[in-house]
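Right, one structure below, let's go through it.
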Amino acid sequence: MLDLLQQLGRAALGLFQRLGRGNLFLLQTLASTPGILLRPGLVIRQLWSVGVLTLVIIVVSGLFVGMVMGLQGYNTLVDFGAEESLGVLVALSLVRELGPVVAALLFAGRAGSALTAEIGLMKATEQLSGMEMMAVDPVQRVIAPRFLAAFLSMPLLAAIFSAVGIFGGYLVGVGLLGVDDGAFWSQMQDKVDFHDDILNGVIKSIVFGFVVGWIAMFEGYDAVPTAEGVSQATTRTVVHSALVVLGLDFVLTALMFGD
Amino acid sequence: MSQPVVQIRDLRFARGNRMIFDGIDLDIMPGSVTAIMGPSGTGKTTLLKLIGGQLRPLSGSIRVRGEEVQTLSRPALYRMRKRIGMLFQSGALLTDLNVFENVAFPIREHTRLPQALVRDLVLMKLEAVGLRGAAGLMPSELSGGMARRVALARAIALDPMMVLYDEPFTGQDPISMGVLVKLIRELNLALGMTSVVVSHDVREATAIADYAYLLSDGKIMNHGTPDALWGAESQWTRQFLNGLPDGPVAFHYPAAPFRDDLLGGAPR
């Protein structure tokens with residue numbers, strides 16, 4: 001019994017210590033971020049590897065998600081003779097929910113895991129320690145540009161995901177199932193509000209980018225510097241990011257749409 | 001007599017419950033090559049990290065050029081580190097940059113020199129370690145010995161007053177080992193640096209050192225010039241320097257008597 005209590009206490013202490021380290025790390029990163037704007041080259045290189053290299057998976061997944069939405073939506077709407085609202089259905093689902101959330105999940109799987117592995121390996125091979133001894137702050141030189149790149153790419157990727165998804169819905173709905181072209185777009189234009197729908201979706205994706213970037217950076221920076229430690233950290237990045245994104249999505253939805 | 005570059009007094013440091021250093025005094029004189037030797041796991045690398053301010057001691061003092069390392073502010077600590085080069089055991093080269101860019105890294109980070117000058121400086125450093133021809137290679141294309149020489153070129157990129165070598169000879173073939181021995185000695189002389197070599201390769205380390213410290217179990221077991229150490233009376237020193245399998249450092253890890261263990265019968 002005592003043993004169990006002891007273990008519980010130790011686990012809880014460990015958890016809080018990690019949370020504390022994570023928060024301090026975030027503060028350190030945020031403090032270093034303005035300085036990195038003076039060296040845009042570093043950020044642009046990371047935007048390439050974090051953002052551009054994630055584009056393929058985002059576009060392909062977006063297209064398929066949109067096509068499935070078109071198919072499923074049509075089958076339901078047609079029973080009520082409301083198939084002309086297909087555009088609204090697809091657009092609202094994507095901009096409000098699926099765009100930010102699915103893009104964030106894919107982003108965590110593709111870019112987040114890569115970032116954690118990269119930073120964890122840099123730690124394991126003493127590259128971060130070496131920088132410190134060369135009087136170069138690794139948080140500023142390595143972490144800040146990557147964090148900023150993740151933060152900037154996420155909303156853009158989510159927007160691309162939604163746009164491609166709507167196009168996928170259009171392909172299936174209008175191209176394949178014969179929904180009226182004009183009704184598809186005009187209903188969408190009529191019912192999707194810029195402020196209530198699109199902007200709130202963008203806010204979601206900004207929050208997700210911030211959180212996924214933070215988790216990926218911290219897991220890499222805090223990884224046990226061995227092969228096993230880095231692989232565990234990579235797994236943790238994907239799992240924690242997914243859970244946090246889904247959890248936060250509920251909170252944000254309740255805050256923004258739950259009036 | 002001149003002031004020591006590094007002066008350590010009554011240094012104590014622990015990891016968890018394990019005492020790594022238990023009251024160490026150590027002086028590193030300017031212009032010298034000082035070897036710090038000891039069995040694996042005695043915290044030789046830890047000592048270098050303490051000198052570089054990456055770790056903080058429990059108690060005691062570490063002074064680099066008269067400045068107390070642990071009380072330095074972060075900018076002051078970084079200023080101090082710019083004057084210290086460190087050669088990591090793994091080389092710690094940045095894997096996404098090629099050899100040239102790796103050596104240029106500290107110069108680019110800390111100075112605003114024109115590109116042409118950076119290029120000349122880097123080529124000079126690479127020439128010094130004999131790898132000017134490898135400037136375009138990536139770290140993954142280098143052999144272990146070459147990687148360490150590139151790391152050495154990077155360590156001297158800012159013309160430091162002192163270079164710390166962490167196990168420079170470990171895992172090197174005899175030729176690379178010879179090259180490194182020659183480089184450490186020659187660079188020390190040519191650049192007027194102070195060198196600290198942490199190693200358990202006794203022969204190489206004593207061959208280039210002016211002074212050596214033997215470290216074990218958190219204490220300094222012996223120190224002196226290499227000649228004096230080779231002639232030392234101490235059993236421990238002899239066992240360590242000659243690599244004898246048994247002696248004051250027992251072959252057996254502490255255990256219950258063998259007989260009791262075998263006949264005791266209780267399964268573990």
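Every read-out reported here was derived from the displayed coordinates using simple, explicitly stated rules and does not represent laboratory data. It should be emphasised that the depicted structure is a prediction, and the values quoted were computed from it without experimental measurement. Cβ placement follows ideal geometry from the backbone for every residue including glycine, while neighbour counts extend to all protein chains displayed.
Based on this model, can you work out whether A:ALA183 counts as surrounded by fewer than 19 Cβ atoms within 10 Å (Cβ to Cβ) and among the small types (Gly, Ala, Ser)? Spelling it out, A:ALA183 is indeed surrounded by fewer than 19 Cβ atoms within 10 Å (Cβ to Cβ) and among the small types (Gly, Ala, Ser).
Among the residues of the stretch B:70-119, just one is charged (D, E, K, R), more than 12 Å from chain A (Cβ to nearest Cβ) and part of a loop (DSSP other than H, G, I, E, B), namely B:ARG112. Among the residues of the stretch B:29-45, the ones that are assigned to a loop (DSSP other than H, G, I, E, B) and within 20 Å of B:MET161 (Cα to Cα) come to 4 in all.
Would you point out the residue of the stretch B:64-89, among those that are without any contact (Cβ under 8 Å) to a residue 40 or more places away in the chain and among the small types (Gly, Ala, Ser), that is farthest from B:GLU167 (Cα to Cα)? Within the stretch B:64-89, the match that is farthest from B:GLU167 (Cα to Cα) is B:SER73. Can you find a residue that is over 30 Å from A:ASN75 (Cα atoms) and surrounded by 23 or more Cβ atoms within 10 Å (Cβ to Cβ) anywhere in the stretch A:189-208? Yes, that holds for at least one residue.
Taking the numbered list (1) without any contact (Cβ under 8 Å) to a residue 60 or more places away in the chain; (2) out of contact with any Gly (no Cβ under 9 Å at 6 or more places or on another chain); (3) of a type outside the set (Asp, Glu) in turn, B:LEU180 passes all entries but (2). Here B:VAL99 clears all of (1) over 18 Å from the mean Cα position of the chain (by Cα); (2) surrounded by fewer than 18 Cβ atoms within 10 Å (Cβ to Cβ) except the condition numbered (2).
Of the strands (runs of 3 or more DSSP E) lying entirely inside the stretch B:180-268, the ones with 3 or more residues being more than 30 Å from B:VAL150 (Cα to Cα) are found at B:219-224. For the stretch B:49-58, filtering for residues that are away from chain A (no Cβ under 14 Å) and surrounded by 14 or more Cβ atoms within 10 Å (Cβ to Cβ) leaves 1. Restricted to the stretch B:135-177, and to residues that are closer than 15 Å to B:PHE88 by Cβ, assigned to a helix (DSSP H, G or I) and not aliphatic (A, V, I, L, M), which residue is nearest to the other protein chains (Cβ to nearest Cβ)? For the stretch B:135-177, the residue satisfying everything is B:ARG154.
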